[in-house]
Amino acid sequence: MTVIAVVPGDGIGPEVTDEAVKVLDELQLGLDFDHLDAVNATTFQTTGTGLSPSDFERIRSARSVLFGAIGAPGINNSEYGRGVLIKMRFALDLYVNHRPAFLWDARLSPLRDDRRRNVDCVIVRENSEGLYVGVGGRVRADTPDEIAIDEEINTYHGVSRVLDYAFSIARRSVCLVDKSNAVPNGGRLWQRCWRDAVEGRPDIDCSHLYVDAAAMKLIADPSAFDVIVTNNSYGDILSDLTAQLAGGLGMAASANLNPKTGFGVYEPVHGSAPDIAGQGRANPVGAILSAALLCEGIGLGKAAAAIRAAVSSALAAGRCTPDIGGSLSTREAGAAIRAELR
Ligand code: NAD
Ligand code: IPM
Ligand code: MN
């Protein structure tokens, strides 16, 4: 049996993850789900950590992980998130965060100019270093003279391996996004690794943008992009932007990957959305498309294609949640996608 650890999390996490698991069940793929329901904000509040050592072991020993979202109002979300999500990314060395954006239906585009609506790109976000390393500290904390320091760490090893991944999935182009005009040391390292990577790929159209201009260009004409490779923070920000270009956060899937070990944590790009949690209004498509990425990651390419086709048909028929113009609940939207699978 292939064991998939399921971590629903908080807020809308369990609502959308449930629909993703039902889609995988429907396909009868011989997967065995190990549900880790204790990874949540209550556990963090009562024990001081959201992810106990034994839960982490269950995750580590699974083939891959389906993750919902974590986070709750009024708690220390930085400590909580660092102990669960960022812990998995770093401790399991999931150095790629693969975040595709695809516009399934032109009606979902926020852009006025329909010639520029076509969105079919992947943000390849470096997922194991950058500003997320948690190196730094506070000087004269809680005084009017406080200085807060968060170091951004970039290594030749880390940058070159994520560039390699970006080139490995490129269909026509790779665009490096950085801020090397203002951030001298990391900028220089990314540029050096980039020159080395570009040299080996004359078949791929290679370009570079500073992140501010990249944000502008993504809105002006997203159809110009195939793969965008960037650091941890810029990838976080730009992937919410590309999610909206493809209909909204509820549509966006992602895979935290170690391409060398084949292990992955698959999760929608969105968070726990406390503003709509418990109302049955969350869009399950991002979670369901994350399950498609999981299938791809464990060698079930046909199942991945079937899930995507079912999502496409359900959306074309307007069978979806209110955030993208439908009137279905989370469960009804999930059921509509499963019905298309049959
Ligand atoms: P969010 O993604 O939870 O929500 C942003 C907005 O998008 C909200 O208005 C929400 O209602 C909407 N939205 C998100 N997903 C949706 C869906 N599936 N269907 C319909 N609408 C959807 O981001 P936030 O509000 O900045 O953060 C809320 C909490 O989630 C915080 O604690 C944050 O730290 C956490 N978070 C967790 C993850 C994760 O676990 N991977 C990712 C992002 C944010
Ligand atoms: C994401 C989230 C996380 C991140 C937060 C919750 C730590 O925004 O997965 O995009 O910044 O990576
Ligand atoms: Mn994010």
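Laid out as a table, the results:
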{"item": "Condition broken by residue 286, with the remaining ones in (1) out of contact with any His (no Cβ under 7 Å at 6 or more places or on another chain); (2) within 13 Å of ligand 2 (Cβ to nearest atom); (3) closer than 24 Å to residue 304 by Cβ satisfied", "result": "(1)"}
{"item": "Strands (runs of 3 or more DSSP E) lying entirely in region 74-187 (those with 2 or more residues that are of a type outside the set (Lys, Arg) and in contact with a Gly (Cβ under 9 Å, 6 or more places away or on another chain))", "result": "96-102, 120-126, 147-150, 173-178"}
{"item": "Qualifying residue in region 39-55 (condition: part of a helix (DSSP H, G or I), at pLDDT 95 or above, assigned by TED's automatic domain parsing to the domain that holds residue 296 and within 14 Å of ligand 2 (Cβ to nearest atom))", "result": "yes"}
{"item": "Residue match in region 213-225 (condition: within 16 Å of ligand 1 (Cβ to nearest atom), in contact with a Phe, Trp or Tyr (Cβ under 9 Å, 6 or more places away or on another chain) and in contact (Cβ under 8 Å) with a residue 24 or more places away in the chain)", "result": "no"}
{"item": "Scope region 243-263; condition away from ligand 1 (no atom under 14 Å from the Cβ) and either among the polar types (S, T, N, Q) or in a strand (DSSP E or B) (or both); matching residues", "result": "257, 258, 261, 263"}
{"item": "Unmet requirement for residue 277, which otherwise passes all of (1) surrounded by fewer than 22 Cβ atoms within 10 Å (Cβ to Cβ); (2) among the small types (Gly, Ala, Ser); (3) within 11 Å of ligand 1 (Cβ to nearest atom); (4) assigned to a helix (DSSP H, G or I)", "result": "(4)"}
{"item": "The lone exception for residue 249 - which of (1) surrounded by fewer than 24 Cβ atoms within 10 Å (Cβ to Cβ); (2) more than 11 Å from ligand 2 (Cβ to nearest atom) it fails", "result": "(2)"}
{"item": "Whichever residue in region 182-220 is within 22 Å of the chain's Cα centre (by Cα) and charged (D, E, K, R) and, among such residues, is farthest from residue 110 (Cα to Cα)", "result": "212"}
{"item": "Qualifying residue in region 305-323 (condition: farther than 23 Å from residue 117 by Cβ, away from ligand 2 (no atom under 16 Å from the Cβ), surrounded by fewer than 19 Cβ atoms within 10 Å (Cβ to Cβ) and of a type outside the set (Ser, Thr, Tyr))", "result": "yes"}
{"item": "Matching option when the condition is within 16 Å of ligand 3 (Cβ to nearest atom), free of Cβ contacts under 8 Å to residues at least 60 places away in the same chain and either in contact with a helix residue (DSSP H, G or I) (Cβ under 6 Å, 6 or more places away or on another chain) or not small (Gly, Ala, Ser) (or both), among 240, 203", "result": "240"}
{"item": "Flag if residue 299 is at pLDDT 95 or above and either part of a helix (DSSP H, G or I) or crowded, with 16+ Cβ neighbours inside 10 Å (or both)", "result": "no"}
{"item": "Residue 72 vs. criteria touching a residue at least 60 places away in the same chain (Cβ under 8 Å), closer than 27 Å to residue 214 by Cα and within 16 Å of ligand 2 (Cβ to nearest atom)", "result": "no"}
{"item": "Only one of 56, 67, 44, 33 that is buried (at least 22 other Cβ atoms within 10 Å of the Cβ) and more than 16 Å from ligand 3 (Cβ to nearest atom)", "result": "44"}
{"item": "Flag if residue 266 is touching a helix residue (DSSP H, G or I) at 6+ places or on another chain (Cβ under 9 Å) and assigned by TED's automatic domain parsing to the domain that holds residue 2", "result": "yes"}
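Each row is one residue, and each column tells you yes or no for (1) within 17 Å of residue 68 (Cα to Cα); (2) outside the structural domain of residue 164 (by TED's automatic domain parsing).
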site: 223; (1), (2): no, no
site: 228; (1), (2): no, no
site: 235; (1), (2): no, no
site: 271; (1), (2): yes, yes
site: 279; (1), (2): yes, yes
site: 283; (1), (2): yes, yes
site: 297; (1), (2): no, yes
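The values are calculated or read from the model by the stated rules, or taken from the named source; none is laboratory data. Here the structure is a predicted model, which is why all the values come from computation and not from measurement. When we count neighbours, we look across all protein chains shown, and the Cβ atoms used for this are built from the backbone with ideal geometry, even at glycine.
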